[in-house]
Amino acid sequence: MKISNTLTLITIALAIALSPLQLLADSTAPDGWTTGAPREEISPAFSYQDGVFLLEDKDSNPGVQGHWQTTLPVEGGKHFRFSIQRRAGEKVEHPRRSCAVRVEWQNAKGGNVTSPEPTNPAYRGVTSTIARPEFPRDQSKNDKDGWGEISDTWQVPDDATQAIIKLQFRWAPGGRVEWKNLKFEAVPAPEPRKVKLATVHLNVSGNETPMQNCQAFAPLIADAASQGADLVVLPELLSCKDVTHDYASVAESIPGPSSNYFGELAKQHDLYIVAGLIEREGPLVYNVAVLLGPDGKVAGKYRKVTLPREEIERGISPGDDYPVFETRFGKLGMMVCYDVFFPEVARELAFNGAEIIALPIWGGNPSLARARCAENGVYLVSSTYTDHEADWMKTAIWNREGDRIAEATEWGQVVIAEIDLNQRTYWDGLGDFQARIAREAPVRKAEQ
C-alpha cells in the first residue's frame, strides 16, 4: 500500500471512537496506540473516547508525567506536516510546557537516523549529526471551546522510515489535557521565505532641528531600497542626536512630524522603516522605536522598557508592553538600546512570536546582542552611533546563533543581508533549539 493511502486510513481511524471512556487499566488503547510514563508513581490516568485522547492527574502530583504514543510511517527525504488540536484544563497553568508534542525519527530497526539539516561550522570535524526530536509549535489562539492547533512541517531524514509521536502531559498537578484530530501527511516542500534586512550606520550631527536630523537619513534609505531592502533600521533618538539633551522639549506625538516624514519615505520606497524617536503623550515622554509601513502609516510602536539612569534623570517614562507586529515578511519585534542588557525584553518579544528584532541603539555590549539572538532563536538588526572601529556595539545584522552576518565598516554606510526565515537553525545535540524554547524554558513572570 502507498504511504499516502496508509496515512489516510490512519487519519480516519483516529477520528473513530474505538472504546468507551474508562481508564486504560480496564480497557484497551485504540489500535496502534500505547501509553507510557517515566515511572508508575508519577503516571497520569489515560482514557480515550470519540477520537479524543485524555491525560489527567487525579492525585494532585506536581511531578505527573506521561504520554500517549503511536508510530506512523514516513518516506525519507519528503516533507511531512504534523498537526493536532489540544485543549488544556483550567488547572494547567502553563500549557506550552505541560502539554507538548514530541516527534522522533527512526529507521526500520528503530535506530537513530541522520539529520537532513546543514551541519554547523562551529562544530569542528562534524560532517553529519543525529536527527534530534522535533517539537511542533503552537500555531493559533484557542477557539471558544478551548481548542488550539499545534503544527509544523519538517523534511524527513533520508534514512527514516517511521516517526514516533508522543502526546505529552507533565508538571500540572490536578490538571488534564485532551488531544484530537491528529494528521501527519506528506506535503510539498515549503517555499523559502527570504527577507532583505538593512541597517544604517550614520553618526548624524551638525543639524539644528529634529527634522534636519530625520532628513539626513533619506539618501541612505533610498540606497537600501535600491538594493531591494524589505526593512531598514535607523538608530536611537535620531531626532534628538546632537540637537538637544532635553528630550522632552522635542518630543512629539506618534503619529507626528518625524514619524510622518519616515512614513512618506516608507511609502515612496515600498518598504518598512524602524526609527528611534522621542514620544510625548500628555505629561509622559517615552523613548520609542516606531515601525512605519509601506502604506506610509504607523504600523507599530514600542516604548523602551528598561531605562538607564541618564534617561530616568531626564524624566523619561518606561514602557510596559512587548508588542510584535505582522509584516509582509514575517513577525517583527523592537527594542531600544539598554533593553539589550536584560534578557527579559528579547525573551518576551520571542515568546510573543518575534522572528526578527529591530534594535535602534546608541551604544552597548555586542556580546549581549549575540546572547539575545542565540538564547531566543531570533535575527537582530542593530543601528548604532558607536564608531565602527571601536570594540563595542556594531551596526550589524545578526543571525539566530548570534553571528554578525553583515556589519558596517565606515560611516554613511548601508548594511544589507538576505535571510530565509524558513531555514531552520539546527544545533548538533540540541536539534531545532528555537522550537524547544517554548517547551522547556522556565516560566516567565508574565505567565504567572
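The values are calculated or read from the model by the stated rules, or taken from the named source; none is laboratory data. As the structure is a prediction and not an experimental result, all values here were calculated from the model. Here the Cβ positions follow ideal geometry from the backbone for every residue, glycine too, while neighbour counts run over all protein chains shown. Side chains included, ligands, DNA and RNA excluded: accessible areas come from the protein's heavy atoms. Shrake-Rupley method; radii C 1.70, N 1.55, O 1.52, S 1.80 Å.
Observations, loosely collected:
- Glu279 fulfils the conditions (1) farther than 30 Å from Arg193 by Cβ; (2) without any contact (Cβ under 8 Å) to a residue 40 or more places away in the chain; (3) open to solvent by 50 Å² or more (accessible area, probe 1.4 Å) except for a single criterion, (3).
- No other residue among Ala396, Ala374, Ala408, Ala438 is of a type outside the set (S, T, N, Q) and either without any contact (Cβ under 8 Å) to a residue 12 or more places away in the chain or more than 21 Å from Lys331 (Cα to Cα) (or both) apart from Ala408.
- Cβ-Cβ under 8 Å pairs, at least 6 apart or on other chains, segment 210-228 side assigned to a helix (DSSP H, G or I), far side open to solvent by 20 Å² or more (accessible area, probe 1.4 Å) and of a type in the set (Asp, Glu): Pro210/Glu252; Asn213/Asp242; Ala225/Asp270
- Selected residue (criterion: surrounded by the most Cβ atoms within 10 Å (Cβ to Cβ)) from residues of segment 366-425 that are of a type in the set (D, E, K, R) and farther than 22 Å from Arg193 by Cβ: Lys394
Here's the yes/no breakdown for (1) over 21 Å from Leu359 (Cα atoms); (2) part of a loop (DSSP other than H, G, I, E, B):
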position	(1), (2)
Cys240	no, yes
Ser249	yes, no
Ser258	no, no
Tyr261	no, no
Glu264	yes, no
Gln268	yes, no
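- Inside segment 174-191, residues that are open to solvent by less than 50 Å² (accessible area, probe 1.4 Å) and either touching a His at 6+ places or on another chain (Cβ under 6 Å) or acidic (Asp, Glu) (or both) make up a count of 2.
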